[in-house]
């Protein structure tokens, strides 16, 4: 993958509603699992839902106590945008006992998410890495089959055929972010 391919990937928040095939989701998750991880812990966990699952999720998140995780005025627009996704992938990380290992494992899982996002872009899909408190709610984690005591939320990937082409945001010049020691 080249720098132009990395720079071309955009966060997409508006989708057409077209379904994403399960085989595609499996391929994206497999790409995610090739991320580097210290001690080869492979701490990432993924749970995916298709269009039918998204409809069930939208109904679930509108019920207390989950709906209370966001401002009431935001919930309808979140559900409307979710409903247009082709698939949703919930990403969690196994919670190690030591704080050092937890940090390393979360970083590795973040690298796995980036792999997934780049693979989705390469396959022609748009994606959005969400850390919304609504989708990180412990009840939502359980709904996806995760135990929030054993796994921590890293993000929810909204996936689908893009209905927009966002313009690239400005990036800081290299001189602002790179120090030579």
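Among helices (runs of 4 or more DSSP H) lying entirely in segment 1-61, which contain 3 or more residues that are closer than 17 Å to residue 158 by Cα? Full working, then the answer.
Working: elements: 3-8, 22-32, 51-61.
Correct list: 22-32, 51-61.
Within the set of pairs 6 or more residues apart or between chains, which connect a residue that is on the phi > 0 side of the Ramachandran plot and modelled with pLDDT of 95 or more inside segment 121-147 to a residue that is assigned to a helix (DSSP H, G or I) and buried (at least 18 other Cβ atoms within 10 Å of the Cβ) with Cβ atoms less than 9 Å apart?
Within 9 Å, no pair qualifies.
Scan segment 2-29 for residues that are out of contact with any strand residue (DSSP E or B) (no Cβ under 6 Å at 6 or more places or on another chain), within 22 Å of residue 170 (Cβ to Cβ) and either surrounded by 12 or more Cβ atoms within 10 Å (Cβ to Cβ) or touching a residue at least 40 places away in the same chain (Cβ under 8 Å) (or both) and jot them down.
At the first step, the residues of segment 2-29 found to be out of contact with any strand residue (DSSP E or B) (no Cβ under 6 Å at 6 or more places or on another chain) are 2-10, 14, 16-19, 21-24, 26-28.
Checking which are within 22 Å of residue 170 (Cβ to Cβ) leaves us with 2-10, 14.
Correct list: 5, 6, 7, 8, 9, 10, 14.
Could you pull out the residue among 85, 79 that is without any contact (Cβ under 8 Å) to a residue 40 or more places away in the chain, closer than 27 Å to residue 164 by Cβ and in contact with a helix residue (DSSP H, G or I) (Cβ under 9 Å, 6 or more places away or on another chain)?
Answer to the selection: 79.
Does residue 54 count as buried (at least 18 other Cβ atoms within 10 Å of the Cβ), within 15 Å of the chain's Cα centre (by Cα), closer than 19 Å to residue 162 by Cβ and without any contact (Cβ under 8 Å) to a residue 40 or more places away in the chain?
Answer is yes for this residue.
The values are calculated or read from the model by the stated rules, or taken from the named source; none is laboratory data. Quick caveat: nothing in here was measured; it's all calculated off a predicted structure. Reconstructed Cβ throughout: ideal geometry from the backbone, glycine too, with neighbour counts over all protein chains shown.
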